[in-house]
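Asker: I'd like to ask you about the structure that follows.
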C-alpha cells in the first residue's frame with residue numbers, strides 16, 4: 001500500500017498533493033479496530049446461537065434483513081446530523097460508541113429477543129456513523145485525491161474485517177466454548193478504536209457549522225440537478241445488483257469445491273477488494289470516478305454470466321470471487337468520492353448518506369426480487385435475466401453520469 | 001489537550017483494554033481448568049457388550065470432564081443410572097444394534113465436518129459423502145440405510161430466511177441412493193419444481209418407504225417418499241423433523257404454527273386418522289425426536305449452567321397427557337436401540 005503521512009497529525013485537515021491525509025489514516029485505523037471487533041462477533045454468532053443459546057440459525061437469518069432497512073434510514077439521520085451541527089466527528093463517536101457498548105451487552109443478553117436487540121443496536125450504530133465518517137474523509141482530503149483517500153480507508157477497514165474471524169477462532173481454540181471471552185476481547189478492540197477517534201481525529205468543522213443547514217435546505221441540495229442524475233443512476237444499478245449471498249449459493253449449488261469452502265467464500269472477495277481498493281481509487285482520480293463506478297458493474301455482469309454457467313469448477317468459482325472484489329473496489333469507496341465532489345460542502349454528509357441509502361435500499365429491493373425469481377425459475381435463468389438488464393442499464397447509467405465529472 | 005496528553009490517554013486506554021481482555025481470558029482459562037479438575041466423576045456403568053446385549057439408549061454425553069462429547073450407552077431399564085462410555089466422540093449420533101452414524105466437527109478457522117459410519121465395535125467403517133454443515137442423521141432400523149442432512153446457509157444479508165439443505169440417502173454398504181432434493185415433490189397432486197425446495201429430517205419406515213420434511217416458498221410439509229420411485233408426496237403441512245413411532249402408526253414432529261421465529265412445539269400426527277395431538281412439552285424443541293416406546297418420545301434440550309453449555313435428554317408421553325420428565329442428565333442426541341436385529345424390520 002502506497003501511503004505516507006506528510007501533514008501534521010495535530011490539525012490533519014487538508015492534505016498535501018500526492019499524499020493521503022493523516023485524518024484518513026486515523027479514521028482507517030478506527031474502522032480497522034472496529035471491524036476486528038464486529039467481525040469477531042459476527043463470525044461466531046451462528047455458532048454461538050446454535051451451540052450455546054440453542055437456536056436454529058435460520059431463525060436468526062430471518063430477522064437480519066430487517067436491520068438493514070432500519071440502518072439505512074438512520075444513515076440519513078447521521079449524515080444530516082453531521083451537516084446540521086457541523087461536527088460530524090461527534091455524530092460518528094455516538095455511532096462507534098453504540099457498537100462498542102453492544103459488545104459488552106452481549107455478556108448479559110441470553111434470550112433470542114435480547115440478542116436480537118443487542119445486534120440491532122450494533123447495526124444502528126453502524127448506520128449512524130458511516131455518512132459523517134465519510135464526510136470527514138472528504139473534508140480532510142484533497143478533492144483531486146478523493147478516490148485514493150476512500151480507497152485507503154476501505155482497504156484498512158477490510159484488513160480489520162479479515163482479522164476479526166482469525167482472532168475469534170484463535171480465542172475459541174484457546175478457551176473452548178467461552179463466547180464471553182470473545183465478547184470481552186471484542187469490546188476491548190472497540191474501546192481502543194473509539195479512543196483513537198475521540199483523541200486523535202480532528203473535529204473538522206464542516207461548512208455546515210456556519211450555514212446551519214435546515215432539513216428543507218438539505219433535501220433541496222440533494223434534489224438539485226447535479227446530484228439527481230448520479231443518485232438515480234446509483235439506484236438503478238443497485239436494483240440490478242444481486243446480493244453476494246445469492247451468488248455464493250449459486251456457486252455452492254453447482255460445485256462441491258464451493259460447497260465445502262462456503263463459509264470462506266467471502267474471504268476470497270475481501271482479498272481482492274483489499275488489494276484493489278487503493279489502485280482503483282487512484283484510477284478513479286485519474287480517469288474519472290463515474291467511469292470507474294460504471295466499469296465496476298461490467299465486472300458484475302461477468303460474475304452473473306459465470307455464475308449462470310451450468311458447470312463450474314475451482315477456476316470459475318475463484319474468478320467470480322475476484323470479480324466481486326473488483327466490483328466492490330470500483331464502487332464502495334468511489335461512490336462517496338464521486339458524490340462528495342458534487343454536493344456543496346454544507347450538505348456533504350447528507351448527500352453521501354442519501355447516495356448510500358439509495359444503494360442500500362435498491363439492493364434490498366433487488367434481493368427480494370431476485371429471491372422471488374430464484375424460487376420460481378432457479379438460479380441460472382434469474383442470473384441471465386439480471387445480466388441482460390444490467391448490460392442494458394450500464395450505458396444508461398453512463399449517460400446519466402455524463403455531467404458528474406467535475407473539471408479538475 | 002496537548003498531543004502528549006492525548007498520547008498518554010491513548011496509552012492508558014490501550015493498557016487497560018489489553019490487561020482487561022487478557023485478564024478475563026486468562027481467568028476463564030483457569031476456571032475451565034479448575035472446573036474440569038473438580039468435575040464430579042461420572043458414575044461408570046457395566047461392561048459395554050453387556051449393556052448393548054439388552055435394550056439400551058445411545059447418546060452423546062455432555063457431562064463435564066475428560067469424556068465430554070463421547071458417545072455413551074445406558075440400559076433402557078435404568079436410563080438415569082450409570083453410563084458406559086464407547087470410544088467414539090460425536091456431535092450427533094444415531095445407532096442401531098449393528099451400526100451407528102456419527103457426525104463430528106473439527107472446529108477451527110475452517111471447520112470441517114465428518115459423517116462416519118461406525119461398526120459394532122465403534123470403529124469407523126467408512127465416511128459418508130458430506131457437503132456443508134451436518135444437522136441431522138438417521139439410520140433405518142435394520143441399519144442398512146443412512147440419511148444425512150447438511151445445511152448450507154446463505155449469507156443472511158438482506159436475504160431473509162435463505163438457506164439450502166442437502167439430504168443424501170446412502171446404503172450402509174456404500175452405494176449412494178441419491179440426493180432427496182432431486183426427487184419429484186408432489187403437493188396436492190401437483191409437482192413442485194421451484195428451485196427453493198428443500199428436504200430434511202428423514203425417518204425410515206422400513207423397506208422402500210421413508211418420511212421427511214419438505215419445504216418450498218416458506219411452507220413445510222410432511223412427505224412420504226419412495227426410494228425406488230424417487231418421489232415424495234406431501235401428506236400435510238407445518239411439519240418439521242418427523243420421527244416414526246416403533247409401531248409405524250404415528251409421526252412425532254416439531255410444529256412451528258404461529259410461534260415466533262425460531263420456536264417450535266412438539267406434536268404427534270396419527271397416520272391412520274390424520275389427527276394431531278400437541279404434547280405436554282411447552283418449551284421449544286429444535287431436535288428430531290426419538291421414540292422410547294410406542295407411548296413415549298425422547299429429545300434433547302439445551303441447558304445453560306454456570307457459563308457452560310450443556311444439555312439433558314427429556315421424555316414426554318406421546319398422547320398429549322402427563323408432563324415432561326428428565327430422563328438422562330448431561331446428554332444429547334438420544335437413539336433408542338430396542339433389541340438385536342430380529343425386531344428391526346417393521347411393516
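Asker: With springs connecting C-alpha atoms under 10 Å apart, model chain B as a Gaussian network and identify which of B:92, B:230, B:44 has the largest mean-square fluctuation.
Answerer: Comparing B:92, B:230, B:44 in the GNM, the peak value goes to B:44.
Asker: To continue, here is another question. So what's the gap between the Cα centers of region A:68-117 and region A:120-161, to the nearest angstrom?
Answerer: Distance between centres, Cα-based: 15 Å.
Asker: Which value in deg cm²/dmol, rounded to the nearest 500, describes the helix-derived mean residue ellipticity at 222 nm for the protein assembly as shown, given -39,500 (n - 2.57) per DSSP H run of n ≥ 4 and division by the residue count? Numbers along the way, then the final one.
Answerer: Values: 19 runs with 360 residues, N = 755.
After summing the helix terms and dividing by the residues of the protein assembly as shown, the value is -16500 deg cm²/dmol.
Asker: Oh, and also: Testing the spin-label approximation: label points 7 Å from Cα along Cα→Cβ at residue B:77 and residue A:232. State their distance in nm.
Answerer: 8.4
Asker: Using only alpha carbon pairs under 8 Å that are at least six residues apart, calculate the relative contact order of region A:268-369 and give it in whole percent.
Answerer: Values: 90 pairs, mean separation 36.0, N = 102.
Once normalised by length, the contact order is 35 percent.
Asker: Just to confirm the number: angle between the C-alpha axis of helix B:3-38 and the first principal axis of chain B, 0 to 90 degrees, nearest 10?
Answerer: Value to nearest ten degrees: 50.
Asker: Follow-up question, since we're still on this one. With springs only between Cα atoms under 10 Å apart, run a GNM on chain B and tell me which of B:224, B:265, B:303 wobbles the most.
Answerer: B:303
Asker: Compute the length gained on full extension between residue B:319 and residue B:226: take 0.36 nm times their separation in residues and subtract their Cα-Cα distance, giving the result in nm to one decimal. It would help to have the intermediate numbers written out before the result.
Answerer: Working: separation 93, 0.36 × 93 = 33.48 nm, distance 2.84 nm.
Stretched fully, the residue B:319-residue B:226 segment lengthens by 30.6 nm.
Asker: Which shape class, rounded, prolate or oblate, goes with region A:114-166 when its Cα gyration tensor gives a ≥ b ≥ c as root eigenvalues, a/c under 1.5 marks rounded, and past that a/b bigger than b/c marks prolate? Numbers along the way, then the final one.
Answerer: Working: a/c = 5.52, a/b = 1.68, b/c = 3.28.
Here region A:114-166 falls in the oblate category.
Asker: OK, next. Springs between alpha-carbon atoms under 10 Å, Gaussian network over chain B: tell me which of B:86, B:220, B:50 tops the mean-square fluctuations.
Answerer: B:50
Asker: Still on this structure, I have one more. When a/c is below 1.5 the answer is rounded, else prolate if a/b is larger than b/c, else oblate, so apply that to region B:46-344 with a ≥ b ≥ c taken from the square roots of the Cα gyration tensor eigenvalues.
Answerer: rounded
Asker: While we're here: In which sequence would B:238, A:332, B:319, A:122 go, from the one with the fewest C-beta neighbours within 10 Å to the one with the most?
Answerer: Working: B:238 18, A:332 22, B:319 13, A:122 25.
Ranking B:238, A:332, B:319, A:122 by Cβ neighbours within 10 Å, fewest first, gives B:319, B:238, A:332, A:122.
Asker: Between residue B:18 and residue A:216, how high is the FRET efficiency from 1/(1 + (r/R0)^6) when r is the Cβ-Cβ distance and R₀ = 45 Å? Nearest 0.05. Provide the component values of the computation, followed by the final result.
Answerer: Numbers: r = 48 Å, r/R0 = 1.08.
Step by step, r from the Cβ atoms, then E = 0.40.
Asker: What distance in nm lies between label points placed 7 Å from Cα along the C-beta direction at residue B:179 and residue B:98?
Answerer: The answer from the label model is 2.9 nm.
Every read-out reported here was derived from the displayed coordinates using simple, explicitly stated rules and does not represent laboratory data. For clarity, every value in this text was computed on a predicted model and none was experimentally measured. Neighbour counts are summed over all protein chains in view; Cβ atoms, including those assigned to glycine, are modelled from backbone coordinates with ideal geometry.
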